[in-house]
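Novice: Attaching a single structure in structure tokens format; questions to follow.
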Amino acid sequence: HETLEHVWLRTPYPLRFFYHAIIKAAVGFHHQSRHNRHGARVKLSDAVRLLRLFQPSYLGLRTDLLLGDTSIWLAKVDGTGRVNWAELDAMPTPIIHTLH
């Protein structure tokens with residue numbers, strides 16, 4: 001996320017929001033991989049909110065798929081019950097798909 005952050009800070013809106021969405025998703029998945037529920041919840045929630053602005057695709061990327069995947073992971077860490085970390089660890093990490 002460090003590489004994108006340097007780009008993001010110099011980018012005008014609305015593209016800045018798009019980069020921010022990708023960064024938030026990456027950081028959220030990083031927090032999840034470290035079993036940091038609060039960090040994962042906050043960053044994935046931010047990513048979902050921002051990705052909704054760029055549906056169903058943006059700059060040749062399938063943002064609809066990333067939004068769907070991020071929403072699924074968010075739902076698994078967003079509740080009040082225990083998080084099944086073993087289940088999350090076994091799930092493949094979402095990837096960004098291109099239109100072609």
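Novice: Using only the alpha-carbon atoms of the chain, report the extent along each of the three principal axes, biggest first, to the nearest angstrom.
Specialist: Ordered largest first, the chain gives principal extents of 40, 28, 20 Å.
Novice: For 33, 71, what's the largest-to-smallest order of accessible area, 1.4 Å probe?
Specialist: So, going from the largest accessible area down, we get 33, 71.
Novice: Hey, if we sort 23, 96 by accessible area with the 1.4 Å probe, largest down, what's the order?
Specialist: The residues order as 96, 23, largest area first.
Novice: Over the residues of the range 45-100, compute the C-alpha Rg and express it relative to 2.2 N^0.38 Å.
Specialist: 1.25
Novice: While we're on this one: Please arrange 73, 85 by accessible surface area, largest first, computed with a 1.4 Å probe and ligands excluded. Write out the running numbers ahead of the final one.
Specialist: Values: 73 10, 85 50 Å².
The most accessible residue leads, giving 85, 73.
Novice: Loop-only check: which trypsin sites (Lys or Arg not before Pro) in the range 1-70 are DSSP coil with at most 12 other Cβ within 10 angstrom?
Specialist: 10, 34
Novice: So for the range 1-41, considering every pair of alpha-carbon atoms, how many percent are separated by more than 12 Å?
Specialist: I get 56 percent for the Cα pairs in the range 1-41 exceeding 12 Å.
Novice: Let me ask you something else. How large is the helix-only mean residue ellipticity at 222 nm for the chain, computed as the sum of -39500 (n - 2.57) over DSSP H runs with n ≥ 4, divided by its residue count, in deg cm²/dmol to the nearest 500?
Specialist: Helix contribution divided over all residues of the chain: -20000 deg cm²/dmol.
Novice: Then there is this: Report the normalised scattering of the range 16-65 as log10 I(q)/I(0) at q = 0.16 Å⁻¹, calculated by the Debye formula with identical scatterers on the alpha carbons.
Specialist: For the range 16-65, the Cα-only Debye profile gives -0.41.
The values are calculated or read from the model by the stated rules, or taken from the named source; none is laboratory data. Since the model is a prediction, treat every value here as computed from it, not as a measurement. Note: ideal-geometry Cβ built from the backbone for every residue, glycine included; neighbour counts use all protein chains shown. Accessible surface areas use protein heavy atoms only, side chains included; no ligands, DNA or RNA. Shrake-Rupley method; radii C 1.70, N 1.55, O 1.52, S 1.80 Å.
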